[in-house]
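Working notes, structure below.
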Amino acid sequence: MKKTLLIALLLIPFLGFSQTIKPIDGFLGIKFGSSKVVVLAAIEAKGGTLNKDNSKPDMFYFENVKLGHREAAALLVRFVNDKCYQAQYFFTTDVEAKVIVYYNDLVKDFNDVYGQGNTIRNFTQPYQEGDGNELLGLSAGKIDFRTLWVDNNKNYIKVSINTSMQVVVNYIYESIAVEARAKEKAQEKSDY
């Protein structure tokens, strides 16, 4: 009995509670917590261009950005107190019917880097898996496809399909995102 308990306790660190192989601490080689100046310089060095018209003081909107070999329609990078905490890529396909294949291929690539993600597929009536109406259900918001990778620090990556039929990759650095949510909540309360 003691031997079994000892073996189980020794295996816990190897089994781990983390879902990811690689820590989620940045994107495009940029560490979360980096300043606006650092993020801007790093993305421009990779060929990305800042779209000033669509950017805001705490959100940069980039075009001409790649994630691996994939060209993103846009990359949004959010900041709080001059610290980067979120990166959100938007991908479009040349034909809307390819969006599920694109999503599955992207999830496979993330699985190769971060380990097996947790995939969730929710269908709201009248839609059912395999009924051939997945595209209609996705665009109506009645079907939810998403895959999530979470590390030990509760940072996460979520890949999903939005109602505009874009594949969205969302990186969140939780310890700084908490600051952003608190700031947003304080702002909302000040509106009353």
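Quick note: the coordinates plus some simple rules give every number you see, no bench work behind them. Because the structure is predicted, anything quoted here is derived from the model rather than measured. So basically every Cβ, Gly included, is an ideal-geometry build from the backbone, and we count neighbours across all protein chains shown.
Here are some notes:
- Lysines with Cα under 25 Å of LYS108, excluding same-chain neighbours fewer than 8 positions away: LYS22, LYS31, LYS46, LYS66, LYS98, LYS142, LYS154, LYS158
- Annotation for THR49 and GLN125: the two label points, set 7 Å from Cα along the Cα-Cβ direction, are 5.1 nm apart.
- Of all aspartates and glutamates in the structure, those lying under 16 Å Cα to Cα from LYS56, and not within fewer than 8 positions of it along the same chain, are ASP82, GLU184.
- Legend: ranking of residues THR92, THR163 from fewest to most surrounding C-beta atoms inside 10 Å; resulting order THR163, THR92.
- Helix-only mean residue ellipticity at 222 nm for the chain, each DSSP H run of n ≥ 4 adding -39500 (n - 2.57), per residue, nearest 500: -10500 deg cm²/dmol
- Each of ARG146, ARG70, ARG121 was scored by other Cβ atoms within 10 Å of its Cβ. Listed from fewest to most, they are ARG121, ARG70, ARG146.
- Both radii are taken from the alpha-carbon atoms of segment 97-192; with Rh as the Kirkwood radius, Rg/Rh is 1.07.
- If you take all other residues with their beta carbon under 15 Å from the beta carbon of LYS142, and give Lys and Arg +1 and Asp and Glu -1, the sum is -2.
- Taking each residue as 0.36 nm, the span from ALA186 to ALA97 lengthens on full extension beyond its C-alpha to C-alpha distance by 27.8 nm.
- Fraction in percent of alpha-carbon pairs per bin - 5 Å, the chain: 1, 7, 13, 16, 16, 16, 12, 8, 5, 3, 2, 1, 0, 0
- Magnitude of the charge dipole, the chain, Cβ model with Lys/Arg +1 and Asp/Glu -1, debye to 20: 700
- Listed by chain and number, the aspartates and glutamates placed with their C-alpha closer than 14 angstrom to that of LYS52 are GLU44, GLU63; residues fewer than eight positions away on the same chain are left out.
- Fewest-first sequence of GLU188, GLU44, GLU134 by Cβ atoms within 10 Å of each Cβ: GLU188, GLU44, GLU134
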